Each structure stands twice: as C-alpha cells, then as structure tokens.
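The structure appears right after this line, and notes come after that.
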Amino acid sequence: MASMRDIKRRKTGIQSTQQITKAMKLVSTVKLQRAKTRAEQSKNYTMQMYDTIVSIMSKSGYIDHPLMKPNGCNKKAVILITSNRGLAGGYNSNITKLVTQSGWSTDELVIYAIGKKGRDSVKRSGYEIVYENSDMIEEPLYSDASELAGDLLKKYAAGEIGEIYVAYTIFKNTVVHVPKLQKLLPLGEDSTPTESVSGKEGEESIKPDAGVESEKRALMTYEPDSDEALDAIIPKYVTSLIYGALIEAVASENGARMQAMDSATDNAEKMISGLELQYNRARQGAITQELTEIIGGAEAIG
C-alpha cells in the first residue's frame, strides 16, 4: 500500500489538474456560445446556396461547362479542417480518419490543411500537403474562404486537380458533432448534393426532386448565357461551403473540448474521492499500529 505522503502528493497533483480542466471547460463554454451563434446564422446562407445549386443542376440538363464535368486529372484535393490544439476528445482524429481511411492512396491526394493537428497527423501518414493555414481556423473569415476557393478553382481549371473535397465536422448541437467528407467539384450528376429524408443522421438519403421525370421539369434559362452565369455562381457556391465548414468546425471543436474537459473534471473528482478513501484507510492503519505498539509497550513494562 502506498504511504500517506505518496497518496497526499498524488491527490494534490490531481487537484491541480482538475483546476486546469475546470478553467478550460469554462473557456470552451464561453467560446462555444459565440461559435454556436455564428454557425446557426451562417448555416441558413450556406444551405440556401446549396439548395440553389441543387435546383440549377436539376433543371439545367446538359451544360458543357468546365466546372460541371470531370477534367481528366486523377488528383484529389481535400480541405482538411481540424483544430490547432488538442484536449478535445476524438474531434481531430475523427476528421483525419475520414482521409486516411478513405481508401485513396497517398499519391492521388493533395491536402489543404486548415489547423495544426490535422496537418501533423496526415504528414506523419505520408500525404502531400500543398497548403497550410493554422490562423484561418482561429477566426474564420469569408475573405479567407474566398481566397482558398479561388486558388482551388484555378488549379481545377488548369487540370492540376480533378476533384475537390472538404473534410470537416458538422455541428448538430452542443453534444452531437458529425465528421463529414463532402465533394465540392466537379458538379456532375454523380456529385449532386443529397439531403436526408427526415433530416436525421443515418436516414436514407435521396436526391432533390427524386422520382420526378426530367422531361417534366422546366429547363433553367440563363441570361446572358450559362457560362457567364455559372462562372459567377460556382465560385460563390464553393466559397460558401468552405466558409460554412469553417464556422461549423469551430463550434464543433469548442463543443468537443467542453465535453472532454467536463469528463476530465468528473474523472478527477472520482480519483480524488478514491485517494481520500485510501488516505483515510492508511491513516487509520497507522493509528491502529501506534495504539498497538503503545499497549504492547505498556504491558511489557507492567
């Protein structure tokens, strides 16, 4: 059995750690409230843009636009959105697993790393990182998303990359965060965004207007022409989805860290209670031993 001194030292160390986890939980709670508000506000815009593209694609028929069809390149660009700090449970590892366990080889992927944790993880796995920005996740701005989208679209148009994905965490609520790998380009029939029938995770997904024959739909009319309209719409579509992913990732990160620190605080409390019990037992044993020695000594003298 450990000595009372050892037990007391361990208890003091755990209490110090508990104070840190409590403070981190409070900080994450405050940050979460702000991030949650931004996520809820931006989601309306993101989903509206998402629905607009779905509607346009379902009514456009065939359009010979460079961003609406594969360009022949087998390189896939993945925007990997993680945090710069740990202590958030499985938040970062769940995102990186979407990439490392996707079945794609390291040769066909190029990583656009937003956040240090994801960058370090995929670098150890041998993936090529062509872009990294750890500051973007601290305070996401629409201008940052627009700049990143512009760079990706230029490389896609030049045939340097053939597909664009974003890996991030969907913020459902304070305790539910769902990692997701979403395809942004090319905008073809196989990549039409899907939505859940009931809006719940795990439900069967269907494409908008499923079951409606294409010939019964009114075709989309573009003015002045489809190329000019799509040249303006698609960059906004990609930018809005990247920005929305950044905002939701920040909210998810703080929610995950708040939960992790809450669990750590509770675990520390349980450990302290257990150590107090051990300390009391050791103390009682020491007192009993002293009494036994005193009584034995008195009997020997008598």
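Applying the set (1) buried (at least 16 other Cβ atoms within 10 Å of the Cβ); (2) closer than 12 Å to T96 by Cβ to L153 leaves exactly one unmet item: (2). Taken over segment 264-280, the criterion of being free of Cβ contacts under 8 Å to residues at least 12 places away in the same chain and not hydrophobic (A, V, I, L, M, F, W, C) is satisfied by D266, N267, K270, S273, G274, N280.
Within segment 110-123, the set of residues being closer than 19 Å to Y156 by Cα and surrounded by 21 or more Cβ atoms within 10 Å (Cβ to Cβ) comprises I111, Y112, A113.
Annotation note: Cβ proximity below 6 Å between a residue of segment 14-31 that is part of a helix (DSSP H, G or I) and a residue that is among the acidic types (D, E) (sequence gap 6+ or interchain) occurs for K25/D262.
Restricting to segment 153-163, name every residue that is farther than 14 Å from S240 by Cα and touching a helix residue (DSSP H, G or I) at 6+ places or on another chain (Cβ under 8 Å). Within segment 153-163, Y156, A157, I161, G162 meet the criteria.
Of the residues making up segment 22-31, none is buried (at least 19 other Cβ atoms within 10 Å of the Cβ) and either over 30 Å from A268 (Cβ atoms) or of a type in the set (V, I, T) (or both). So is G126 surrounded by fewer than 19 Cβ atoms within 10 Å (Cβ to Cβ), among the small types (G, A, S), in contact with a helix residue (DSSP H, G or I) (Cβ under 9 Å, 6 or more places away or on another chain) and free of Cβ contacts under 8 Å to residues at least 60 places away in the same chain or not? So G126 passes the test. Being under 30 Å from V27 (Cα atoms) and either surrounded by fewer than 18 Cβ atoms within 10 Å (Cβ to Cβ) or β-branched (V, I, T) (or both), is that true of even one residue in segment 275-295? Within segment 275-295, one or more residues are under 30 Å from V27 (Cα atoms) and either surrounded by fewer than 18 Cβ atoms within 10 Å (Cβ to Cβ) or β-branched (V, I, T) (or both).
For segment 101-137, a residue qualifies if it is within 16 Å of G244 (Cα to Cα) and touching a Gly at 6+ places or on another chain (Cβ under 9 Å), and the qualifying residues are M136, I137. Of the residues A35, A77, A23, only one is under 25 Å from the mean Cα position of the chain (by Cα), aliphatic (A, V, I, L, M) and under 30 Å from G103 (Cβ atoms); which? One residue alone meets the criteria, A77.
Here is the figure for segment 9-21: residues that are loosely packed, with under 14 Cβ neighbours inside 10 Å and closer than 24 Å to R283 by Cβ total 4. Among the criteria (1) at pLDDT below 90; (2) of a type outside the set (A, V, I, L, M, F, W, C); (3) touching a Ser or Thr at 6+ places or on another chain (Cβ under 9 Å), the one E139 does not fulfil is (3). Step by step: first the residues of segment 214-226, then only those that are part of a helix (DSSP H, G or I) and within 12 Å of S60 (Cβ to Cβ), then the one that is modelled with the lowest pLDDT. Which residue is that? By that ranking, first place goes to S214. Determine whether E248 is touching a strand residue (DSSP E or B) at 6+ places or on another chain (Cβ under 7 Å) and at pLDDT 75 or above. Taking the combined requirement at face value, the residue satisfies it.
The values are calculated or read from the model by the stated rules, or taken from the named source; none is laboratory data. These numbers come from a predicted model, not from an experiment. All Cβ positions, glycine included, derive from the backbone under ideal geometry; neighbour counts span all protein chains shown.
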